[in-house]
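Read through the structure below, which is laid out as structure tokens, and then see the notes.
Each value in this text was obtained by applying a stated rule to the coordinates, not by laboratory testing. These numbers were taken from a predicted model, which means no experiment stands behind them. Cβ placement follows ideal geometry from the backbone for every residue including glycine, while neighbour counts extend to all protein chains displayed.
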Amino acid sequence: MALDQTLRGDLAGADLGGGFHVLPGQGNALVAETDAGLVLIDAGSLRRAPAMIEHLRSVTDSPLHAICYSHGHLGYNAAVGTWQAHAAERGDPQPRLIAHENLVHRYARYRETLDLQVRMASVQFPSRKGAPWQGMVSAFEMIDPTETFTEAMTVVTGSRTVEVLWAPSETDDAIAVWYPDDGLLYGGPATPGDAIPNIGTPLRTQRFTVRWAETLDDLAALGAETLVTEFGPVVRGADVVRHRLSTTAEALRWLRRAVVERMNRGMGEGEVLADLDYPPELFDHPWMTPNYGSPDYIARDLFREENGWWDRNPTTLHPASPGEAAAAVRSVIGDPDLVLERARALAESGDTQLALHVIDLLALAEGDDPAVVAARGLKAELCRTRAGEVQPYVSRAAYRSSARLLDAGATSWQHLQ
């Protein structure tokens with residue numbers, strides 16, 4: 001089979017044949033019919049779960065045997081309670097709730113930092129209506145699994161065996177689901193779809209590049225004939241699946257070597273990013289598109305693996321408060337209009353990023369000085385422009401959320417609405 005023979009597009013509601021169905025969940029929520037009942041990957045969000053249940057009941061009346069948590073990110077299994085209530089209404093036994101053991105620890109951490117998690121989510125996935133971030137709290141319900149495993153676990157046997165495998169990648173609690181009788185693999189977060197692995201995204205904790213590559217190698221060794229990705233395509237053909245997984249692993253290892261070589265030469269993070277040139281034979285593939293993650297994000301996470309937080313600028317070792325530092329910078333600018341004019345000129349010439357560096361000489365200052373207010377307004381415009389210039393979704397969202405904050409006259413995320 002040719003390497004470009006994949007099924008692409010939105011899989012929500014798709015019937016893959018042989019008793020496999022994709023529900024319209026947070027991602028591709030896969031259901032498999034088994035002798036024990038239905039095995040579902042991810043319960044979905046509170047908003048999506050009713051449509052998931054409606055579609056499922058349009059194709060099968062079998063009871064739900066188990067829900068497998070693909071990983072612990074909030075939202076993917078917020079609706080477990082909805083499915084439990086559905087089972088109770090039908091008079092069915094309650095479904096088993098299966099996850100990797102690390103998910104329990106993640107949920108505990110998320111409960112401790114819930115406001116932080118919701119704030120970050122509101123920046124990364126801003127409401128089109130500009131709704132306050134507090135309104136998202138109720139969407140992040142967490143119900144702990146009833147069963148956990150360490151390396152692998154057989155969920156059901158019989159005419160269709162279902163195995164869950166630890167697949168550390170986007171998270172340390174990520175799983176893949178393997179159906180050996182069918183030669184079908186649900187890759188979970190390790191295989192996001194037509195997108196480069198989202199390592200190093202700006203608002204998330206560290207992910208480990210080589211560990212992700214090792215997971216992809218392990219999945220490739222299964223010899224799957226069909227790969228269902230977390231978002232996007234179903235990939236068909238053993239050679240196609242293996243090529244996709246192995247090439248992604250190779251690209252991640254190339255990034256590790258490239259970043260380490262530059263760190264060993266004494267380069268700082270910014271110097272590493274400016275010096276990297278990503279080889280097309282590894283990165284110019286549909287499944288490596290930087291539409292959510294980015295090679296630059298991965299490089300920064302690799303740098304963070306081997307370095308502390310210091311950016312190599314001695315000014316940042318023991319900084320003054322942001323307000324004091326901005327006020328000091330403001331005090332030495334003789335004519336603030338020159339800063340505004342230079343930033344506008346750079347923006348008009350297409351150098352939006354340089355314009356952002358210049359406008360920060362004024363925009364970070366506190367108070368309602370007219371020049372500072374004008375600088376914040378211009379920075380908001382530049383953020384919206386920059387959002388249209390970059391490809392990764394997370395960067396675009398962060399620019400737009402930053403513009404919204406500046407439009408409100410704020411510079412600190414404490415004032416995020």
List the relative contact order of the chain as a percent without decimals, with contacts defined as Cα pairs under 8 Å and 6+ residues apart. 13 percent
Let me have the 222 nm mean residue ellipticity of the chain computed from DSSP H runs of 4+ only, each contributing -39500 (n - 2.57), with the sum over all residues rounded to the nearest 500. -13000 deg cm²/dmol
Rounded to whole Å, sorted largest first: equivalent-ellipsoid semi-axes of the chain, Cα gyration tensor: 43, 25, 19
The distance between the Cα centres of segment 208-230 and segment 314-371, in whole Å, is 46 Å
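If packing is taken as the average count of other Cβ atoms within 10 Å, what order do 306-314, 370-378 fall into, highest mean first?
Packing order, densest peptide first, comes out as 370-378, 306-314.
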Scoring segment 320-415 by relative contact order with C-alpha pairs under 8 Å, at least six apart, yields a percentage of 23 percent
Bridge type composition, the chain - antiparallel percent by DSSP, nearest 5: 65 percent
Given charges at Cβ of Lys, Arg, Asp, Glu: the chain dipole, positive-most of A108, G91, L16: A108
Segment 211-311: trypsin sites (Lys or Arg not before Pro) falling in loop per DSSP and having at most 16 other Cβ within 10 Å: R265
